[in-house]
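Novice: Okay, here's the structure, questions in a sec.
The values are calculated or read from the model by the stated rules, or taken from the named source; none is laboratory data. Quick caveat: nothing in here was measured; it's all calculated off a predicted structure. When we count neighbours, we look across all protein chains shown, and the Cβ atoms used for this are built from the backbone with ideal geometry, even at glycine.
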Amino acid sequence: MIINKKNYEQKLEEKTIENEIISEEFLTMLEKLGIEKLNIASVGNSISAGYSKCDKIMPFLMRSALYNQSDNINYYSYARVRRNEEINVLRWYNRNISHPEINALNIDDLVVKKHAYVQKYWNGSTIKNYEELANAKKDGLRDFNLMDNSIIIYNGLTGAVTNAIRRGTVKDKLKFWKNFRKDIIDCKLLFSQIYLDNPHTQVYICGLPNIAGTRLINCFDNIIKELTNEIPNLVYSPGTIRNSLFYLDEQKEFDVHYSRPEYLEALNNVTEKMLENYVTKKLTNSLIEQMREYSLAVEEESTIAVGNEEEIKKIVDLEIEKHSDQFAVVDQDINNSIDDVMRYYQNNHLSTFSCTPKEKVLKKLYNTKKMS
């Protein structure tokens with residue numbers, strides 16, 4: 001589809017209204033839950049940085065109505081337009097790159113891109129917006145993960161592939177699948193480290209831009225979804241259709257990054273996922289972590305022990321009691337969370353919970369679900 005001025009303005013208005021509504025719903029949920037401070041970070045590649053070749057450039061989170069609607073949310077950006085391969089994001093995390101430092105690098109990236117691509121959309125507020133976000137906080141990326149009530153919105157898994165397409169030989173270009181798998185491996189290392197450091201941080205990983213609605217990215221997105229089965233604090237959020245050919249201001253532009261209405265659609269998708277999963281994941285992450293810690297404690301006493309059934313019952317009952325009021329407040333079904341725990345427990349019993357009595361744990365979770 002070619003985007004012209006008329007259908008562009010129509011979609012922008014539609015997505016703006018949707019964004020305002022869903023942002024208000026999210027803030028209402030936080031108020032009902034009594035969450036006074038929430039930390040949200042956009043992490044990863046050029047989409048997480050809010051870059052666009054075909055349209056206005058603006059930080060990812062600053063595009064959402066949430067940014068100006070609440071003082072109870074702290075906003076961070078650990079994303080770059082260039083050099084954003086997953087192995088580099090992992091390096092940023094492990095050296096705890098500071099918020100001003102990563103954003104200074106990103107602003108340098110934007111200046112480089114200005115000369116090559118985006119003169120038409122560049123104005124005085126472009127860098128000013130990034131500087132505002134950069135100077136707001138000084139925390140490092142790893143420090144951010146260690147905070148209470150933290151959410152990471154992740155866009156990535158494009159660095160190695162785009163490098164091969166842009167700078168590689170013909171042979172390199174044909175290895176796009178191999179390059180994507182390399183990014184997936186590094187991405188899993190990153191998310192595993194984030195989870196081990198703080199299993200309560202919620203991570204929403206966004207699907208890839210669907211170029212022209214062709215569904216060519218489905219095979220890639222299916223692999224991204226598989227990560228959410230392996231790391232319990234991950235939630236998949238669908239990307240959106242990227243109408244790559246624009247015809248605005250009498251000039252055609254081809255771009256794999258989102259336009260303003262497409263960015264809003266991607267933000268609406270992830271905010272909807274946060275509405276659906278924020279409470280559910282709080283119980284899921286906490287219960288899985290408590291059972292993991294119990295299994296490790298039993299193993300320290302004896303590697304052949306299988307734990308105590310009564311202790312497991314206490315853990316489950318305590319976590320259910322601690323979180324049940326939150327489910328009632330937002331009118332959501334606690335069984336969804338218990339299903340997640342059962343599924344993860346069954347798939348990872350031998351690697352994560354080996355010193356717990358498997359059949360008795362599953363029976364306890366099943367009976368808890370029946371009683372809910």
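Novice: So which of Asp340, Asp333 is more than 15 Å from Val306 (Cβ to Cβ), among the charged types (D, E, K, R) and out of contact with any Phe, Trp or Tyr (no Cβ under 9 Å at 6 or more places or on another chain)? Even if it seems obvious, please write down each step before you answer.
Specialist: Numbers: Asp333 fails: out of contact with any Phe, Trp or Tyr (no Cβ under 9 Å at 6 or more places or on another chain).
None of the others qualify; the one that does is Asp340.
Novice: To continue, here is another question. Which one of these is surrounded by fewer than 17 Cβ atoms within 10 Å (Cβ to Cβ) and either farther than 24 Å from Phe191 by Cβ or of a type in the set (A, V, I, L, M, F, W, C) (or both): Asn96, Asn72?
Specialist: The match here is Asn72.
Novice: Residues in region 298-316 that are assigned to a helix (DSSP H, G or I) and in contact (Cβ under 8 Å) with a residue 24 or more places away in the chain: how many?
Specialist: Adding up the residues that qualify gives 7.
Novice: Can you tell which of Ser48, Ser52 is closer than 25 Å to Gln193 by Cα and either in contact with a strand residue (DSSP E or B) (Cβ under 9 Å, 6 or more places away or on another chain) or hydroxyl-bearing (Ser, Thr, Tyr) (or both)?
Specialist: Ser48
Novice: Among the listed residues Ser324, Ser286, Ser351, identify the single one that is of a type outside the set (Val, Ile, Thr) and surrounded by 14 or more Cβ atoms within 10 Å (Cβ to Cβ).
Specialist: Only one candidate qualifies: Ser286.
Novice: Being surrounded by fewer than 14 Cβ atoms within 10 Å (Cβ to Cβ), closer than 22 Å to Lys53 by Cβ and of a type in the set (S, T, N, Q) is the filter here; which residues of region 121-146 pass it?
Specialist: Residues satisfying the conditions are Asn123, Ser125.
Novice: Inside region 30-47, can you point out the residues that are in a loop (DSSP other than H, G, I, E, B) and not β-branched (Val, Ile, Thr)? Before the answer, list the steps.
Specialist: Here is the first cut: in region 30-47, the residues in a loop (DSSP other than H, G, I, E, B) are 34-37, 45-47.
Answer for region 30-47, where residues must be in a loop (DSSP other than H, G, I, E, B) and not β-branched (Val, Ile, Thr): Gly34, Glu36, Lys37, Asn45, Ser46.
Novice: Given the conditions (1) modelled with pLDDT under 95; (2) within 17 Å of the chain's Cα centre (by Cα); (3) of a type in the set (S, T, N, Q), and given that Thr201 satisfies all but one, which numbered condition is not satisfied?
Specialist: (1)
Novice: If a residue must be within 19 Å of Glu310 (Cβ to Cβ), touching a residue at least 24 places away in the same chain (Cβ under 8 Å) and not hydrophobic (A, V, I, L, M, F, W, C), how many such residues does region 359-372 contain? Give the derivation first.
Specialist: Pass one, region 359-372, residues within 19 Å of Glu310 (Cβ to Cβ): 359-368, 371.
From what is left, the residues that are touching a residue at least 24 places away in the same chain (Cβ under 8 Å) are 360-361, 364-366, 368.
Narrowing further to those that are not hydrophobic (A, V, I, L, M, F, W, C): 360, 364, 366, 368.
Of the residues in region 359-372, 4 are within 19 Å of Glu310 (Cβ to Cβ), touching a residue at least 24 places away in the same chain (Cβ under 8 Å) and not hydrophobic (A, V, I, L, M, F, W, C).
Novice: Still on this structure: Mind telling me which of the residues Asp325, Asp339 ends up being within 28 Å of Glu272 (Cα to Cα), part of a helix (DSSP H, G or I) and within 25 Å of the chain's Cα centre (by Cα)?
Specialist: Selected residue: Asp339, the only one of Asp325, Asp339 that is within 28 Å of Glu272 (Cα to Cα), part of a helix (DSSP H, G or I) and within 25 Å of the chain's Cα centre (by Cα).
Novice: Condition first: modelled with pLDDT of 75 or more, touching a helix residue (DSSP H, G or I) at 6+ places or on another chain (Cβ under 8 Å) and among the polar types (S, T, N, Q). Now tell me which residues in region 210-262 satisfy that.
Specialist: Result: Asn229, Asn233, Ser237, Thr240, Ser259.
Novice: Still on this structure: Pairs, please: C-beta under 9 Å, at least 6 apart or cross-chain, first residue assigned by TED's automatic domain parsing to the domain that holds Ala328 and farther than 17 Å from Gln332 by Cα and in region 265-286, second part of a helix (DSSP H, G or I) and not polar (S, T, N, Q)?
Specialist: Between residues of region 265-286 that are assigned by TED's automatic domain parsing to the domain that holds Ala328 and farther than 17 Å from Gln332 by Cα and residues that are part of a helix (DSSP H, G or I) and not polar (S, T, N, Q), the close pairs are Ser286/Glu319; Ser286/Lys322; Ser286/His323.
Novice: OK, next. Quick one: count up the residues across region 24-42 that are among the β-branched types (Val, Ile, Thr) and either in contact with a helix residue (DSSP H, G or I) (Cβ under 7 Å, 6 or more places away or on another chain) or not assigned by TED's automatic domain parsing to the domain that holds Asn268 (or both).
Specialist: The qualifying residues number 1.
Novice: Val330 fails exactly one of the following numbered conditions: (1) modelled with pLDDT of 95 or more; (2) closer than 12 Å to Thr280 by Cβ. What is the number of that condition?
Specialist: (1)
Novice: Anything in region 34-76 that is hydrophobic (A, V, I, L, M, F, W, C) and within 18 Å of Lys128 (Cβ to Cβ)? List them, or say none.
Specialist: Within region 34-76, Ala49, Ile57, Met58, Phe60, Leu61, Met62 qualify.
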